[in-house]
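What follows is a set of notes on a single structure, which appears directly below.
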Amino acid sequence: MSYRTQPKVELHTHLEGMAPPDFIRTLAGEKRRDLSPIFNTDGGYKFKDFGHFLTVYDEACTVLTGPEEFYRLTRAVLAESAFHGVIYTETFLSPDFCGGGDVAAWKDYLAAIAQAAADAQKEDGIVLKGIATAVRHHGQDACRKTAHCAAETAGDFLTGFGLAGAELEGRPADFSYSFDMAREAGLRLTAHAGEWGDPGRIRETLDALKVERLGHGIRAIEDAALTQRLADENITLEVCPGSNVVLRAVESWESHPIVRLRDAGVPVTISTDDPPFFHTTMTAEYEGLDRTFGWTEDDFRATNVTAARAAFCDEATREAILKQLEPAA
Ligand code: ADE
Ligand code: ZN
């Protein structure tokens, strides 16, 4: 069956990582930049492993400049998400790519992205919230600037703070100062951990950064006590199966631990991460889980309810989403 029209809640996307290759190629052409090395002959993004993916990602972002381009990008990606049934979504935004950590510039970019979200909500009926996100391999100084930008703009649209990038660079505690600043500003917290890092690193992330969600978190399955802790503490995993398969964080769909984590009581949700990079969509993720594990509409409804409960939004928005997820009478 096609799951395209089933209402969906998606918690883990990166705004720049959702940019279609044509969008980036066109900007490169306008700016007379040769970005051909980051594209395949079939037009898609080209990378050979996770480290190379991060380099290609950063390279693609160099042609995304100015609030107006981020407005257009946000409208384009939200229209695509809405087409795949997404009714509520959150996206990682990096001040590093939006003004280089300068607060005044970041405010302009954020205003454009928030305006695009408001316009998309009117036209496509999709709700977007932003998570300001530090990029580990850009260094701790950039991370502090990101936290400062985030703290200055926390509010109705910018509701979270996160950490992405090369997980194995440095230790989670290196980022405690930034997470403390974000928490004090009232932001909700998530961090990529356990995509590449072992259970020890996941524990350090929980202890040092006090996050309530984890980006990926899938390597928790290697440690029964940690898996139990995630269940007991209601730490929600933002699981991105298609991303994990393409980047080879797991060997195959069949070996993906999402079912084992769910069955152990860990709150799991489903997202696409950077869909054009991984040739995926929310519809394709659902089809993959149906094909591999026999998941049904009811399984997906349950993961969407889990996602709505863990969403970084106000209670009125949460209630409205939960209502839309109720089965038709
Ligand atoms: N940035 C964009 N996608 C990412 C991923 N899957 N892991 C870490 N950082 C990222
Ligand atoms: Zn991610």
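Just so you know, all these numbers are worked out from the coordinates, no wet-lab data involved. Since the structure is predicted, the reported quantities are computational estimates derived from the model, not experimental observations. With ideal geometry, Cβ positions are generated from the backbone for all residues, glycine too; neighbour counts draw on all protein chains shown.
With the condition kept exactly as written, say whether any residue in region 103-124 is among the aliphatic types (A, V, I, L, M) and within 15 Å of ligand 1 (Cβ to nearest atom).
For region 103-124, residues among the aliphatic types (A, V, I, L, M) and within 15 Å of ligand 1 (Cβ to nearest atom): absent.
In region 250-259, is there at least one residue being part of a loop (DSSP other than H, G, I, E, B), closer than 18 Å to His14 by Cα and among the aliphatic types (A, V, I, L, M)?
No, region 250-259 has no match at all.
Taking region 251-279 on its own, how many of its residues are surrounded by 21 or more Cβ atoms within 10 Å (Cβ to Cβ), under 29 Å from Gly43 (Cβ atoms) and of a type in the set (A, V, I, L, M, F, W, C)?
3
I want to confirm something. Restricting to region 137-172 and keeping residues that are free of Cβ contacts under 8 Å to residues at least 40 places away in the same chain and within 15 Å of the chain's Cα centre (by Cα), which single residue is nearest to ligand 1 (Cβ to nearest atom)?
Among residues in region 137-172 that are free of Cβ contacts under 8 Å to residues at least 40 places away in the same chain and within 15 Å of the chain's Cα centre (by Cα), the one nearest to ligand 1 (Cβ to nearest atom) is Glu167.
Being of a type outside the set (S, T, N, Q), farther than 25 Å from Glu315 by Cα and surrounded by fewer than 23 Cβ atoms within 10 Å (Cβ to Cβ) is the filter here; which residues of region 137-160 pass it?
His137, His138, Gly139, Asp141, Ala142, Arg144, Lys145, His148, listed by residue number.
Since Gly51 meets every condition but one in (1) surrounded by fewer than 19 Cβ atoms within 10 Å (Cβ to Cβ); (2) closer than 30 Å to Gly294 by Cα; (3) of a type outside the set (A, V, I, L, M); (4) within 16 Å of ligand 2 (Cβ to nearest atom), which condition does it not meet?
Gly51 satisfies every listed condition except (2).
Yes or no: region 93-105 includes at least one residue that is farther than 20 Å from Ala134 by Cβ and either more than 16 Å from the chain's Cα centre (by Cα) or surrounded by fewer than 17 Cβ atoms within 10 Å (Cβ to Cβ) (or both).
No, that holds for no residue.
Taking Arg262 as the residue in question, decide whether it is part of a helix (DSSP H, G or I), closer than 22 Å to Gly170 by Cβ and touching an Asp or Glu at 6+ places or on another chain (Cβ under 9 Å).
no
Looking at Asp198 and the list (1) within 17 Å of Gln140 (Cβ to Cβ); (2) among the acidic types (Asp, Glu); (3) touching a helix residue (DSSP H, G or I) at 6+ places or on another chain (Cβ under 7 Å); (4) away from ligand 2 (no atom under 16 Å from the Cβ), which single condition is not satisfied?
(1)
Looking at region 247-297, which of its residues are of a type in the set (Phe, Trp, Tyr), over 19 Å from Gly217 (Cα atoms) and within 16 Å of ligand 1 (Cβ to nearest atom)?
Phe277
Working carefully through the options Gly217, Gly265, Gly186, find the one that is touching a residue at least 24 places away in the same chain (Cβ under 8 Å), within 13 Å of ligand 2 (Cβ to nearest atom) and not charged (D, E, K, R).
Gly217
If you go through region 7-45, how many residues are away from ligand 1 (no atom under 12 Å from the Cβ), in contact with a helix residue (DSSP H, G or I) (Cβ under 9 Å, 6 or more places away or on another chain) and closer than 18 Å to Thr281 by Cα?
So the answer is 10.
Hey, among the residues in region 193-246 that are part of a helix (DSSP H, G or I) and among the basic types (Lys, Arg), which one's farthest from ligand 1 (Cβ to nearest atom)?
Arg229
When region 10-24 is examined, which residues are found to be more than 16 Å from ligand 2 (Cβ to nearest atom) and crowded, with 18+ Cβ neighbours inside 10 Å?
Result: Pro21, Phe23, Ile24.
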